[in-house]
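Please read the structure below before turning to the comments.
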Amino acid sequence: MKHSTLRMAWRNLGRSKRRTWLAIGAIALGQLTLVSVNGLMAGSFDSMLQAVTGPMVGHVQIHHKDWREERAVDLYLDRAAETVAQIQALPQVTGVTMRLFAPALVASGEVGDAPSDAEPGIIMGVDVAKESGKGGMLETLGPKELPGEGAVAIGKVLANRLGVSVGESLAVIGQDVDGFPTSDLFEITGFLGGSVDLVKTMGIMIPYADAAALLAMPDQTHEIVIQGEDYEQAASLAASVAALPLLKDAEVLTWREAVPQIARIVDLKGWMDFIFVAIVFVAAAAGIANTAVMSTFERTHEFGMLLAVGARPGRIVAMVVIESVILGLVGVLIGSVLGSAVVLLTSHTGVNYAAFGSTAAEDVSFAGVNISYIVYPVFELRNIVFGVWAVTLTSVLASLWPAVIASRLEPVEAMRK
């Protein structure tokens, strides 16, 4: 009985091929939209999160409680080496790095260049070994371009403003932690790009030890950046770090607190997922409800005959519902295959948003972070699962009303139609 009901439901889908394929096409288009657009969005948000929780911000940041407001050189964390050692001992921590920051004036150090050509910059004392690894601020530089003793790397935009080249000298003038003038001459080894706007426009990357000597800060730091096992566990990691006695008076921030504007954008992804699942619901409901209603009224005579020969009303309901579920699953299968193909293909080639506009820029700056216009979609199996769940549920709900109508037909009256 079950097999015959299934065969009849499958056969009945061929009664009006045009209507059936229109319904399948609407569902497939909705599922294609869900899988491909959500894959593109997942790639966009992954790119944004990597830019935010990577080089500059990390998962957790530590500063003097007033440093973010004033950015003054004398607002530092003391006993830096001991603090870092305690943080590294925490089980959730996968990486720790310290940074020093100080405003400065920079100019070409070549003989004959005018002092009026000086530009504002920011001295950034960094651990070159750590920052040159994956996700570090020096990741884009080759081995010969990395800062070293007496050598610095500077932002590309700053270099353009100064008109300097690799191998030339750079004069750096600023104030140390006690307010005394300090200056030095460095060789330029490379130019910095990357995802951090501040680095590209004003960055003067100096090895940490050189920056500490220049600023008279032997065991102090302005910022400690921590990487954990997962950015979603940043709050738990921050709580563990804040509990360390050496940091009782420091400001400990998660990446969400450090860049709240981007955190709010990331949170929108859940709502966008919901919106595209709703699109699949609507497409499935419109296609299946129309097909089920029309099919039911066209087959009134057939249903009457089935009821007259002893078919139970429940079998009529099952037949109509199964037809709708098959229709929905065929549509969602086609949409899933097409959507997955689009995502997997573009995950290698990338999608360049700039090509859809008039800009020739490679990235856009937001909240101090540069986000690339080229997005690499990410395939997420859950989008297919969402689509199957949405279409199955919609198929059942959309077909119940016509199915119940068909099951309540009077056999004699129905056979006259």
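The values are calculated or read from the model by the stated rules, or taken from the named source; none is laboratory data. Bear in mind that the values here come from a model prediction, so they are computed numbers and not experimental data. Here the Cβ positions follow ideal geometry from the backbone for every residue, glycine too, while neighbour counts run over all protein chains shown.
Quick look at the values:
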read-out: Test for Leu185: is it aliphatic (A, V, I, L, M), modelled with pLDDT of 80 or more, assigned to a strand (DSSP E or B) and surrounded by fewer than 17 Cβ atoms within 10 Å (Cβ to Cβ); value: yes
read-out: Criterion (crowded, with 21+ Cβ neighbours inside 10 Å and either closer than 29 Å to Pro181 by Cα or at pLDDT 80 or above (or both)) met by exactly one of Gly58, Gly54; value: Gly58
read-out: Unmet criterion (only one of (1) within 25 Å of the chain's Cα centre (by Cα); (2) surrounded by 21 or more Cβ atoms within 10 Å (Cβ to Cβ); (3) assigned to a helix (DSSP H, G or I); (4) at pLDDT below 90) for Ala238; value: (4)
read-out: Residue check for Val199: in a helix (DSSP H, G or I), of a type in the set (A, V, I, L, M) and in the same structural domain as Pro120 (by TED's automatic domain parsing); value: yes
read-out: Output for region 102-116, where each listed residue is surrounded by fewer than 20 Cβ atoms within 10 Å (Cβ to Cβ) and modelled with pLDDT of 90 or more; value: Pro103, Leu105
read-out: Number of the exception - Leu141 against (1) assigned to a strand (DSSP E or B); (2) touching a strand residue (DSSP E or B) at 6+ places or on another chain (Cβ under 6 Å); value: (1)
read-out: Matching residues, region 195-234, being acidic (Asp, Glu) and more than 28 Å from the chain's Cα centre (by Cα); value: Asp210, Asp219
read-out: Index of the failed condition, Gly203 passing every other in (1) surrounded by 23 or more Cβ atoms within 10 Å (Cβ to Cβ); (2) closer than 11 Å to Gly125 by Cβ; value: (2)
read-out: Unique residue being of a type in the set (Asp, Glu), surrounded by fewer than 21 Cβ atoms within 10 Å (Cβ to Cβ) and at pLDDT below 90 when the list is Glu82, Glu70; value: Glu70
read-out: Count - residues of region 242-256 that are crowded, with 16+ Cβ neighbours inside 10 Å and modelled with pLDDT under 90; value: 2
read-out: Count of region 68-100 residues which are assigned to a strand (DSSP E or B) and over 17 Å from Ala242 (Cβ atoms); value: 6
